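First comes the structure, then the notes that go with it.
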Amino acid sequence: MRRKIETRVESLSTRVSAVNLARERDVLDQWIPTDPTRPVYSALRDAFIEQFSVLYLLLMEGPRKSVVEAMPPGLAQLDKDCTKLAGLLFLRSNVWAARNWQKPPVLKFLLRCLQRSKVGRPLTRLGIAVQAKELRLADPKRWKWEALTAKFCDCRKREHSISCQDNLRREVLHLEKLLKSCGHPVEPRKTP
Ligand SMILES: [Zn+2]
């Protein structure tokens, strides 16, 4: 069920053609691999497709002159969120598969954006939070914070302290907030 609260991207999406939006979403949806076994990845993917297609169309359909003046409020933040989501979604291995494609313009635009961003660098803290959250969702009994810290903390101390745990929890919280603000919160799977 769709929530009533409008996210930033939902209000921005009213400024672009609905037909074009559906088309660009479709292109991205076909190109970005799905992975139903990973709920966090799936939420990042959904959020990215939604945001990036709106960003692309706002930039393409917007008036050519005085772009800065015509920028709707929220566009800069949308751009930032897209970069953040892209950094978490696209890893070294899965980006360059599109090279030999006969690429629709939205994909060319995406690949240009990815080349400029930090895609391909070693995992960021937020990237680690994605992995930690996937594990927690998959098996919360096994993956308590202590176990996750032992797996992911790179402080190199012999024993991890409570602040190691806090750092990881903070990053996971940051990730959860990001996804929530994009309208794609990840929740533990509800047992029927
Ligand atoms: Zn540590």
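Structure note, pairs 157/180; 144/180; 133/180: Cα-Cα distances above 25 angstrom occur for 157/180. Across all directions, the shadow cast by the convex hull of segment 125-181 built on its C-alpha atoms averages 3.7 square nanometres.
So for each of 137-144, 176-183 I average, over its residues, the number of other beta carbons within 10 Å; can you give me the resulting order with the highest mean first?
Going by the mean number of other Cβ atoms within 10 Å, highest first, we get 176-183, 137-144.
Bear in mind that the values in this text are calculations on the coordinates, not laboratory data. Treat the numbers as computed from the prediction; the structure is a model and nothing was measured. For neighbour counting, all protein chains shown are included, and Cβ atoms are generated from backbone atoms with ideal geometry for every residue, glycine included.
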